[in-house]
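K.L.:
Below: one structure in structure tokens.
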Amino acid sequence: MAIATVNPTTGETLKTYEPLSDEALEDRIARAARAWAAYRRTSAEQRAGWLRAAADVIDADTDTVAELMTTEMGKTLAAAKAEVGKCAKALRWYAEHGPALLEPERKDAGAVGATDAYVVHQPIGVVLAIMPWNFPLWQAMRFAAPALMAGNVGLLKHASNVPQTALYLEELFRKAGFPDDVFQTLLIGSSTIEKVLRDDRVAAATLTGSAPAGQSVASIAGDALKKTVLELGGSDPFIVMPSANLEQAAEVAVTARNQNNGQSCIAAKRFFVHRDVAEEFTRLFAEKIAALTVGDPMDPDTQIGPLATESGREDVEKYVDDAVAKGADVLVGGKRVDRPGWFYEPTLLAGITSEMDLYSEEVFGPVAALFTVDSLDEAIEIANSHPYGLGANLWSEDEGERAQFIADVASGMAFVNGMVTSYPELPFGGVKQSGYGRELTELGMREFMNAKTVWVGPPSSEQGDGDTAGAASE
Ligand SMILES: O=CCCCC(=O)O
């Protein structure tokens, strides 16, 4: 795939980039390694100050960077502005909490025969971030803010269709006053990732992307014995029980499925509705989906813009056509929109069976799959049969059902009477083929830190001949 800005609203190619030459790539990796040698010795308070400055810069740049994202990948301008705001919030969260989270953790020194014992969290070096186009600023920031707070240095390999947003990120940290080269964007194709990942100067990698991309990165990193965090796909269940407020559940269901033009790993994709309320919920859900305004994402009235790429729309079409050919009922939508650009109608399908490809895969577009179930047990059983386990949603006023859902749903995140959302204040990540590791909060920051155990013994004058206090206590 060429490194290029192609406007999905029109299909027009606006700007193309040559990938970095071998020499330019070598130079950038060398600069990252040199930058880390100095950056690791900066204080947490200094780094927090740069993060605060970055939050101010990004706030001031909101309109231009939001327009850039909408032009590159088609999200509505309102959603793009909200994404910028969320990045500023994450930068400020780490600026505020980072220094305390980096304090050494005292341990019980007496219990291990030491005069002092503690764990100190230290940065590990240059981290490669391989990021997707769907939240082009936020997902890179979700890596960058904790990494830079920790004292690590970042190399960003962004998706090939958002090069200008990727370059903006490098510029942002420069404008905020971070030392040179602590965050660099590498304009390279996917085929060059292995070379960067295997480079001895690169310590670890994080990837947000597809399960096949995760397998490839994990196997290379495993071979090179490097740490990875993987945030892969999702096909989140959205379960509606009879006690739920159906009007509210249907309203949120529409947003949960169609956010970001249907292209989010944490979008609810499978809707399990209890038979007792299935007719009413389906009516509400279908009416609200049919009422969505599809159009130019720059227009403030638009709720659904185009899919980001032509091939992405073809994939969505294939899933819907396969399901319909195997007997699914199209309650709303079901086809591309007849206009330039890569638009697809918000769609609701019922009568889903396990033979259909969308049953066990992820549809990255505005297509909701509706299931009628007879119990919460049945909903959770089908939900858990999917290879992914990222987020999960339940709508119920029943305490017992909520407890069962939280205990049994196989996911990294469980939301009750709300939709799965990422917050800088909460950990983010999945289980099974949705990946491993966590982003955000202290968990995210420590994924790429060395938790170094420190044991300090008494002065040697107080120790016995030829023995150490540590050995003596074993
Ligand atoms: O594709 C993954 C989407 C994550 C969106 C978010 O963090 O809000």
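K.L.:
Run through region 301-345 and list the trypsin sites (Lys or Arg not before Pro) located in a DSSP loop whose Cβ has at most 16 other Cβ atoms within 10 Å.
P.N.:
Numbers: sites: ARG313, LYS318, LYS326, LYS335, ARG336; in loops: LYS326, LYS335.
Within region 301-345, the qualifying trypsin sites (Lys or Arg not before Pro) (loop, at most 16 other Cβ atoms within 10 Å) are LYS326, LYS335.
K.L.:
Averaging over every viewing direction, what projected area does the convex hull of the Cα atoms of region 336-411 cover, in nm²?
P.N.:
On the way: hull surface 25.8 nm².
Its average projected convex-hull area is 6.4 nm².
K.L.:
Count the DSSP beta bridges whose two residues both fall in region 236-416, then state the antiparallel fraction as a percent rounded to the nearest 5.
P.N.:
15 percent
K.L.:
Quick check: the distance between the Cα centres of region 376-403 and region 257-303, to the nearest angstrom?
P.N.:
19 Å
K.L.:
For region 273-281, just list the computed ³J(HN,Hα) in residue order, Karplus coefficients 6.51, -1.76 and 1.60, θ = phi - 60°, integers in Hz, with x standing in for Gly and Pro.
P.N.:
10, 5, 3, 4, 10, 4, 5, 5, 4
K.L.:
Hey, another quick one. Below 14 angstrom from the Cβ of LYS269, what's the summed charge of the other residues (Lys, Arg +1; Asp, Glu -1)? If you can, show how the numbers build up before the last one.
P.N.:
On the way: positive: ARG257, ARG270; negative: ASP236, ASP315, ASP357, GLU361, GLU362.
Net of charged neighbours comes to -3.
K.L.:
Once both axes come from the Cα atoms, what is the angle between helix 246-258 and the longest principal axis of the chain, in degrees from 0 to 90, rounded to 10?
P.N.:
Between the helix axis and the principal axis of the chain, the angle is about 70 degrees.
K.L.:
Using θ = phi - 60° and the Karplus relation 6.51 cos²θ - 1.76 cosθ + 1.60, list the HN-Hα couplings for region 90-107 in order, rounded to whole Hz, with x at every Gly or Pro.
P.N.:
In residue order, the calculated couplings are 5, 4, 6, 4, 6, 5, 6, 9, x, x, 5, 5, 9, 5, x, 9, 6, 10 Hz.
K.L.:
Another question, then. For region 236-416, taking Cα atoms only, what is the radius of gyration to one decimal and the Dmax to the nearest whole Å?
P.N.:
Values for region 236-416 (Cα only, Rg and Dmax): 15.6, 50 Å.
K.L.:
Roughly speaking, what is the centre-to-centre gap between region 1-66 and region 164-184 when only Cα atoms are used, to the nearest Å?
P.N.:
4 Å
K.L.:
Let me ask something else about it. Separation of region 111-141 and region 341-374 by C-alpha centroid, Å?
P.N.:
Region 111-141 and region 341-374 have Cα centres spaced 37 Å from each other.
K.L.:
Same structure, new question: Trypsin sites (Lys or Arg not before Pro) within region 15-78: which are DSSP loop residues with at most 14 other Cβ atoms inside 10 Å?
P.N.:
ARG41
K.L.:
Let me ask something else. Taking the Cα atoms of the chain alone, what are Rg (to one decimal) and Dmax (as a whole number) in Å?
P.N.:
My reading of the Cα-based Rg and Dmax gives 24.3, 87 Å.
K.L.:
Show the residues, 5+ positions off or on another chain, whose built amide H is closer than 5 Å to the amide H of SER434.
P.N.:
For SER434, the qualifying residues are GLY389.
K.L.:
Taking the 0 to 90 degree range and rounding to the nearest ten, how far is the long axis of helix 399-408 tilted relative to the main principal axis of the chain, both from C-alpha atoms?
P.N.:
60 degrees
K.L.:
Now, a different point. Distance cut-off 27 Å, Cα to Cα: go down the list LYS75/LYS226; LYS175/LYS227; LYS227/LYS452; LYS89/LYS175; LYS107/LYS432; LYS269/LYS318 and report the pairs above it. Intermediate values should be presented prior to the final figure.
P.N.:
Working: LYS75/LYS226 34 Å; LYS175/LYS227 30 Å; LYS227/LYS452 16 Å; LYS89/LYS175 18 Å; LYS107/LYS432 33 Å; LYS269/LYS318 16 Å.
Checking Cα-Cα distances, LYS75/LYS226; LYS175/LYS227; LYS107/LYS432 exceed 27 Å.
K.L.:
How large is the convex hull of the C-alpha atoms of region 160-315 per residue, in Å³?
P.N.:
That works out to 182 Å³ per residue.
K.L.:
Taking only Cα atoms, what is the 0 to 90° angle, nearest 10, from helix 163-175's long axis to the longest principal axis of the chain?
P.N.:
40 degrees
K.L.:
Considering only DSSP beta bridges where both residues belong to the chain, give the percentage that are antiparallel (nearest 5). Can you show the working numbers first?
P.N.:
Numbers: 24 of 63 bridges.
Antiparallel bridges: around 40 percent, rounded to the nearest 5.
K.L.:
Return the long-range amide H neighbours of ILE3 (sequence gap of 5 or more, or a different chain), with a cut-off of under 5 Å between placed amide H atoms.
P.N.:
TYR17
Throughout, read-outs are computed from the coordinates displayed, never taken from laboratory work. Treat the numbers as computed from the prediction; the structure is a model and nothing was measured. All Cβ positions, even for glycine, are placed from backbone atoms using ideal geometry, and neighbour counts span all protein chains on display.
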